[in-house]
Every structure is written in C-alpha cells, then in structure tokens.
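Notes follow the structure.
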Amino acid sequence: MAKNDPYEALRFKEFNIFLWLRFALVFGWSMQFVVIEWQVYSMTNNELSLAIIGLCEFLPAFFLAPFAGHIVDRKEKRNLFMLCIALFSLISFGLFWLTSLYVETAWESNSILISIYALVFFGGVLRAFFGPTIFSLIALLVPKKVYPNAATWSSSTWKGATVFGALCGGFLIAWIGVHYTLGIIFLLVMIALVLVFQISKKPILNKAINESVKESLKAGIRFVFNDKVILGALTLDMIAVLLGGAVAIFAVFAKDVLDAGPKGFGILNAALSSGSIITMLATTYIPITKRTGKKLLVSVFGFGICMIVFGASKFMWLSVLALFFAGVFDGVSMVVRQTILQLKTPDDMRGRVGAVNSMFVGSSNELGAVESGIAARIFGAPLAVVLGGTATLIIVAVIGAKNQPLRDLDLQKDVRDHYDEVKT
C-alpha cells in the first residue's frame with residue numbers, strides 16, 4: 001500500500017471549495033444553535049424549553065430522512081445542496097428579524113417564541129436533506145482511494161467549524177447581543193451559497209429509475225441493518241449522543257451550576273468540539289485503521305466516563321477539561337464511523353445510507369436535547385448527565401460483548417483493497 005499522504009484529498013480543487021463552504025455553513029449553524037438556546041432559555045428560564053427546541057428539529061429530521069435519502073439518490077447533488085443552503089438562509093434571516101428591536105417591542109414574547117420554534121422545525125426539515133446530500137457529494141469530489149482521507153478532512157472541518165462557532169456564539173452574545181450575532185450568521189450562510197456555485201454539477205449514479213419509493217427505502221434500511229459493523233458503529237454513536245451528551249443543557253450549567261455566564265457557555269460548547277478536532281487532525285497523519293473496532297469501543301466508553309466527570313463537577317476548569325477529553329474520544333468515534341460508511345457504501349445507495357446515518361446520529365442530537373431537557377427538569381442537570389454517562393458505559397459494554405464483527409473490525413484491509421483496486 002502507498003505511503004500515507006495526509007493532504008491527499010486537499011489536492012482536489014472542488015474538495016477544497018467544499019471544505020470552505022462547509023466550514024462557513026457549519027460555523028453559522030453552530031453559532032445559531034448556541035444563540036437560539038441562550039435566547040430561548042433567557043426568555044423562559046425553563047429547561048423544558050430547551051427540550052422543545054430539540055423536539056422541533058428532531059421530528060422532521062428523523063421522519064423525513066428516509067424520503068430525503070430516496071430523493072438525494074435520484075437528484076443532482078450540487079444543485080440540491082445549493083437549494084438546501086438557499087432555504088437555510090431564509091431561516092437565518094427569519095431569526096435575525098425576530099430578534100430585532102421592532103419585533104421585540106411590537107410582538108408578545110409568546111408569539112416570538114412560537115415563531116422561533118417554527119423556524120427551528122423548518123431547519124429540521126432541511127437537516128433531513130443536508131446529511132445525505134453532503135455524504136453523497138463528498139464521494140463525487142475525490143477518487144475512491146481518497147475516501148478515508150476525505151472523510152477525515154470533512155469531519156475535521158465540521159468539528160472545527162463547530163468549535164469556533166460555539167465559542168464565537170457565546171462571546172458574540174456578550175459583546176454585540178443576540179440580534180447582531182444572528183446577522184453575522186446570515187452573512188456566513190450567504191458566503192456558503194456563493195461558494196457552492198464553484199462546484200460543477202455531478203452525475204446521478206442511481207440507475208434504478210423504476211424503483212418505487214417503498215422499495216428504495218427498504219433497500220437502504222435493509223443494507224444498513226444487515227451489516228453488523230455499520231449498524232454497530234451507528235448505534236454506538238447514537239447512544240453516546242442520545243444518553244451521554246449534554247450539549248443541549250450547557251446553558252443550564254453555565255448559568256445555574258458553574259455561574260459562568262454567556263462566555264462560559266461558549267467555552268463549554270467549544271471545549272467538547274476542540275478535543276474532537278485535535279484528534280481528527282491527528283488522524284490525518286496517524287490513520288486509525290489498525291484494530292479499529294476495539295478503538296471505537298474504547299473511545300465511546302471513554303466519552304461516557306468524561307461526561308460523568310462533567311456532570312459531577314462544580315468547578316469550571318474541571319468541567320472544561322472533562323469536555324475536552326470527551327471531545328478527544330468523540331473525534332475517534334466520528335472518524336471511524338465516517339470512514340466505515342464511505343468505504344462500505346455502494347455509490348448508488350449513498351443518499352439512502354446517508355439518510356439512515358442522519359436518523360441514527362444527526363437526529364440523535366435533537367432527540368438527545370429532548371432527553372437532556374426532560375431529565376434535567378426531573379433530576380436536575382448534574383444528576384441527569386451522570387445518569388446518562390453511566391447508561392452509556394453499560395450499553396457500550398453490551399455491544400462490545402455481543403457484536404463480534406465490530407469488535408474485530410480492522411480497516412487496514414479495506415483501505416489496502418481500495419488502493420490495490422486503483423492500481424489494477
């Protein structure tokens with residue numbers, strides 16, 4: 001096998017453009033998530049309002065994902081991505097307008113709150129399409145032998161944008177306020193919209209034009225559930241986010257537990273993601289291919305331990321440290337999962353498999369927000385996080401014992417086979 005080139009995917013122009021526009025888009029989306037959570041919690045002072053935000057985004061993203069995957073496999077990916085970004089710009093502008101002085105003085109707070117929930121719901125609809133579209137587009141920007149490296153750079157860009165978006169979101173709330181921060185987010189989305197035109201249209205690889213929607217959906221779901229490695233990797237990531245995550249209630253910790261204010265809120269969000277991006281950048285130089293399954297299990301187990309420490313902490317420095325190492329473990333999990341999906345998914349099913357991935361992992365963020373908000377209301381935020389982290393450890397142990405193909409997974413052979421395929 002050829003010597004590892006950490007910059008292999010970056011030697012393709014369109015992939016570089018894709019990374020820039022994805023950074024701008026996710027940077028804005030991450031800031032928007034932070035700003036809206038802070039704004040809603042400030043308006044209501046109720047943890048359940050954070051659960052409602054998660055529910056509004058989860059419901060459409062989860063239930064529309066299978067249909068979105070079917071559509072993505074049948075449509076041209078560049079134009080579909082462009083349409084998603086254009087519609088997302090309307091959401092960003094709507095939130096910017098709702099937080100203006102005119103609306104705040106002319107409307108009742110309940111009307112503003114309901115409008116915010118409505119825009120978040122619309123964002124959930126778009127989320128159903130964003131995931132499978134991006135997953136499918138990456139495979140059309142680089143050759144197959146570059147998939148592992150491209151997956152690492154794409155995940156690193158996503159995490160990097162999340163880091164700086166969360167950090168800047170918290171600081172900008174303190175410096176210029178919610179309204180003008182949302183204005184900056186709208187500008188970032190427009191930059192992404194301009195950049196997407198620099199990518200050429202791509203061929204449609206799904207040739208099953210006569211396949212019904214029902215048959216198409218069944219084929220995608222059946223593929224994922226018949227592959228124990230893919231199913232196990234997706235389940236592990238979903239459980240970690242759903243039970244072990246606490247992102248949705250960081251506002252509660254920053255405001256009520258650690259007394260850190262909006263700046264501390266931004267730091268908590270950034271700490272988790274910063275550990276992830278450092279790990280993912282490291283994997284471009286030191287690929288995680290040997291004994292991959294065991295490393296995946298250990299990383300999710302380590303994530304659960306870190307979240308238990310975070311939930312029990314009363315000190316800002318310890319909370320930040322726990323979240324940083326939780327991010328380190330999460331980075332390993334993300335790189336492994338994306339590499340598995342890119343290497344094992346047939347080209348004509350990328351939209352549907354990407355949609356299932358969104359249902360398992362992407363939607364679990366929103367469902368996790370619902371779970372976190374409700375658990376925080378019942379048990380209090382610290383105990384809710386400790387219980388979620390403990391549940392994560394138990395489930396990881398069970399999956400590790402029951403799923404031997406995942407436990408024995410070694411990606412070195414898969415990567416070597418793709419290089420040999422290109423040579424021949």
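Overview of values
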item: Of all residues making up segment 117-166, the number that are hydrophobic (A, V, I, L, M, F, W, C) and not in a helix (DSSP H, G or I); result: 4
item: Segment 289-313, subset basic (Lys, Arg) and in a helix (DSSP H, G or I), residue nearest to Phe324 (Cα to Cα); result: Lys295
item: Single unsatisfied condition, Leu242 versus (1) crowded, with 22+ Cβ neighbours inside 10 Å; (2) under 28 Å from Val35 (Cβ atoms); (3) modelled with pLDDT of 80 or more; result: (3)
item: Tally of residues being under 24 Å from Leu383 (Cα atoms), touching a residue at least 40 places away in the same chain (Cβ under 8 Å) and crowded, with 22+ Cβ neighbours inside 10 Å across segment 276-305; result: 3
item: Unique match (being more than 17 Å from Ser109 (Cβ to Cβ), modelled with pLDDT of 85 or more and crowded, with 20+ Cβ neighbours inside 10 Å) among Phe12, Phe23; result: Phe23
item: Single residue of Ser100, Ser30, Ser42 found to be modelled with pLDDT of 80 or more and either over 21 Å from Leu172 (Cα atoms) or under 20 Å from the mean Cα position of the chain (by Cα) (or both); result: Ser30
item: Helices (runs of 4 or more DSSP H) wholly inside segment 40-116 that include at least 1 residues being touching a helix residue (DSSP H, G or I) at 6+ places or on another chain (Cβ under 6 Å) and aliphatic (A, V, I, L, M); result: 47-74, 77-98
item: Odd one out for Phe67 among (1) aromatic (Phe, Trp, Tyr); (2) farther than 28 Å from Ala270 by Cα; (3) surrounded by 23 or more Cβ atoms within 10 Å (Cβ to Cβ); result: (3)
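The values are calculated or read from the model by the stated rules, or taken from the named source; none is laboratory data. All of these numbers come straight from a predicted model, not from anything done at the bench. Cβ atoms come from the backbone with ideal geometry, glycine included; neighbour counts cover every protein chain shown.
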